[in-house]
1. Identify all lysines with a Cα-Cα distance to residue 217 below 28 Å; exclude those on the same chain that are fewer than 8 residues away in sequence.
2. Calculate the length of the line joining the C-alpha centroid of region 20-38 to that of region 178-233, in whole Å.
3. With +1 on each Lys and Arg Cβ and -1 on each Asp and Glu Cβ, how big is the dipole of region 22-119 about its Cα centre, in debye rounded to the nearest 20?
4. Under 15 Å from the Cβ of residue 123, count the other residues' Cβ atoms, weight Lys and Arg +1, Asp and Glu -1, and hand me the total.
5. Whole Å is fine, so just give me how far the alpha carbon centre of region 151-176 lies from that of region 72-114.
6. Please list, or write none, the aspartates and glutamates whose alpha carbon is within less than 17 Å of the alpha carbon of residue 8, excluding same-chain residues fewer than 8 places away.
7. With the crude spin-label approximation of a point 7 Å out along Cα→Cβ, what separation in nm comes out for residue 232 versus residue 202?
8. Which listed residue (85, 62, 115) has the Cα farthest towards the positive end of the charge dipole for region 2-156, taking +1 on Lys and Arg C-beta and -1 on Asp and Glu C-beta about the Cα centre?
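Where a number appears in this text, it was derived from the coordinates with a stated rule and is not lab data. Everything quoted here is computed from the prediction, not taken from an experiment. All Cβ positions, glycine included, derive from the backbone under ideal geometry; neighbour counts span all protein chains shown.
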Amino acid sequence: MLLIYTHKITPRVRYICKHILTRILQIPISFTTKVEDFVAHNGPKFSYTKVALGKEFFVKSHDLLFQQGIQDIEIIVEDWDTVPCFFVTGEKSGVPYDIFSASFYLITRYEEYLPHIKDKYDRFEASESIAFKSNFLEKPVIDIWAYRFLQELQARFPDYAYTYRSYQFISTIDVDNAYAYKHKSLVRTVGGFFKDAYGLKIFNLWDRFAVLFNIKKDPFDTFKKILKLKKEHDVRTIFFF
């Protein structure tokens, strides 16, 4: 078990530490606010607070995880050995950035609760995000930070038995409509013809006619192709109808 000392145990601290350490790195954790319990602990441990207690493994904390509500926060993205990161901690910290606060900021979509420009559907646009503006929108930075933190833990506590997750790919396919034109009721079929005719959708009209008279295959009927790919590549596949 990994013991974490912090000056205040908040729901934010619990949530993100469990996500990074337990869910990603498979390390069971416990928290304490008592210095004497932290000092007496003989296993792997680190302090997450403003000032180190002594010479322990220390991560300097940003204020984010100890705040309540939403506040406008200045974000300055820098490079941590070619990986973008923010909330710099300084030289005394075991890692140069507060990856716990940074991960919480990203994973909770904190910036979407701040004032921002919405698209025509009243949504937050990816182009407004810090990840897009700092060119890491397609990088799994939280996982990268987590495994870099693991390297520091392994260097500090080499005798601890670490476990690793195994990767498994499962293909899931949502089938909202099994067929585009076939197996519909007479009302829907006739209504579809009139709707396409009214909208002058000539190609749709032809597709409907061709499918219903078995001249061509229904465009949604791709199941044999999917099952063939599943068999060729030995991929576990789950269909949701």
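1. Residue 217 reaches 182, 184, 195, 201, 225, 228, 230, 231.
2. 56
3. Its charge dipole is roughly 440 debye.
4. After counting each charged neighbour, the total is -3.
5. Region 151-176 and region 72-114 have Cα centres spaced 22 Å from each other.
6. 36, 37, 63, 98
7. Distance between label points: 3.5 nm.
8. Sorting the options by dipole projection puts first 62.
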